[in-house]
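The values are calculated or read from the model by the stated rules, or taken from the named source; none is laboratory data. Values in this document were obtained by computation on a predicted structure and should not be read as measured data. Backbone-built Cβ (ideal geometry, glycine too); neighbour counts: all protein chains shown.
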Amino acid sequence: MATNSTVSLSMKFDRTSILGSGGYGVVFRGEWNNKIVAVKRIEKTNCENNKGEDALQKLHHPNVVKLYHVDSDIDFRYYALELCQLSLNQLFNGDEAQKNYQEKMPPEKEVCLQLAKGLAYIHEKGFIYWDIKPQNVFISVHPTDVENVSMKWADFGLGSPLNDRGSFSTTEHNTRPDNWLAPEILQMKENFNRTTPLRQEGTVKSDVFSAGLIFGFYLLKGRHPYGSQFNIPANIVNNTPVNLKAIEEKKHPMHAIIMDMLKKNPNDRISAADVITRIANIQ
């Protein structure tokens, strides 16, 4: 394993084995404490407040990716994280081997229930997830039981504690993808120049909306509930989930739940705990 010589603690990673990358860093296949892990490397300038680190260290749930260990050097922060097979985005948009995981997935009800349980747990612990998108939803297959598949939320940079108002504010630059934002966040962004920092404030109900998008995305086999790429933000703001008609026409039992998660007014949305109850009651 080609290790990074600047990391002198117990974490190692293979610089030639890149599992993924994004605006906040690169993920490598690595090793920690004789365990194969995913190593997330983030420039220190992007994690000065260690928001995601603080959140993940306090979260212990089967539907949340586990943070095992943290290292750092002069330039980077390194996170040893539970290794999963692929993301929800890769399930539909990845290579052929990744797409074949669709055959191993649990029933649709179970997929949504697991994700609802993970999100409710995050909220119960006083955190808002904030960066929900298919790239941050992971699929884990048990190494000795291929029928045991778990859905897990993963976020390595933006999860943050709620303030006294039960919300979360940030002045970060507008780097989050608009397609997975709640309408109240999109409307805030419309009032600011996209090249300047924006104070965005979201609540747990903003998370519920984004989770509803994830549920729809999964049930629609990789299509966004609000349409095609360029029309999605406008359709979200205008409350026009054009692709969800396909789920409604099939009389899918998740349709009514998703619609209650996607209410335009945050106060009208059900909570993550309500989502669990509703899904559990599906016959």
Which numbered condition in (1) over 30 Å from Met105 (Cα atoms); (2) at pLDDT below 95; (3) buried (at least 16 other Cβ atoms within 10 Å of the Cβ) is the only one that Gly157 fails?
(1)
From Gly216, Gly227, which residue is more than 17 Å from the chain's Cα centre (by Cα) and modelled with pLDDT of 90 or more?
Gly227
In the range 197-205, is there at least one residue being touching a Lys or Arg at 6+ places or on another chain (Cβ under 8 Å), without any contact (Cβ under 8 Å) to a residue 40 or more places away in the chain and not acidic (Asp, Glu)?
yes
Could you say whether any residue in the range 110-122 is closer than 20 Å to Leu220 by Cβ and either among the small types (Gly, Ala, Ser) or outside the structural domain of Pro225 (by TED's automatic domain parsing) (or both)?
yes
Among all residue pairs at least 6 apart or on different chains, which show Cβ distances below 6 Å where the first residue, located in the range 214-240, is loosely packed, with under 15 Cβ neighbours inside 10 Å and the second is in a loop (DSSP other than H, G, I, E, B)?
Asn239/Lys264
Out of the range 201-253, which residues are under 28 Å from Gly126 (Cα atoms) and among the charged types (D, E, K, R)?
Glu201, Lys205, Asp207
Mind telling me which of the residues Ile258, Ile276, Ile270 ends up being assigned to a helix (DSSP H, G or I) and either outside the structural domain of Lys205 (by TED's automatic domain parsing) or out of contact with any Pro (no Cβ under 9 Å at 6 or more places or on another chain) (or both)?
Ile276
Looking at the range 1-16, which of its residues are touching a Gly at 6+ places or on another chain (Cβ under 8 Å) and either buried (at least 16 other Cβ atoms within 10 Å of the Cβ) or modelled with pLDDT of 85 or more (or both)?
Met11, Lys12, Phe13, Asp14
Flag for Ser210 being farther than 27 Å from Tyr68 by Cβ and either modelled with pLDDT of 65 or more or assigned to a strand (DSSP E or B) (or both)
no
Which condition breaks for Ala97 when tested against (1) among the hydrophobic types (A, V, I, L, M, F, W, C); (2) in a strand (DSSP E or B); (3) surrounded by fewer than 18 Cβ atoms within 10 Å (Cβ to Cβ)?
(2)
Of those in the range 109-131 that are of a type outside the set (A, V, I, L, M) and closer than 14 Å to Ala280 by Cβ, the residue surrounded by the most Cβ atoms within 10 Å (Cβ to Cβ) is Cys112
Out of Ser87, Ser140, Ser72, report the one residue that is at pLDDT 85 or above, hydroxyl-bearing (Ser, Thr, Tyr) and closer than 30 Å to Pro233 by Cβ.
Ser87
Going through Ala280, Ala272 one at a time, which residue ends up being crowded, with 21+ Cβ neighbours inside 10 Å, in contact (Cβ under 8 Å) with a residue 60 or more places away in the chain and small (Gly, Ala, Ser)?
Ala272
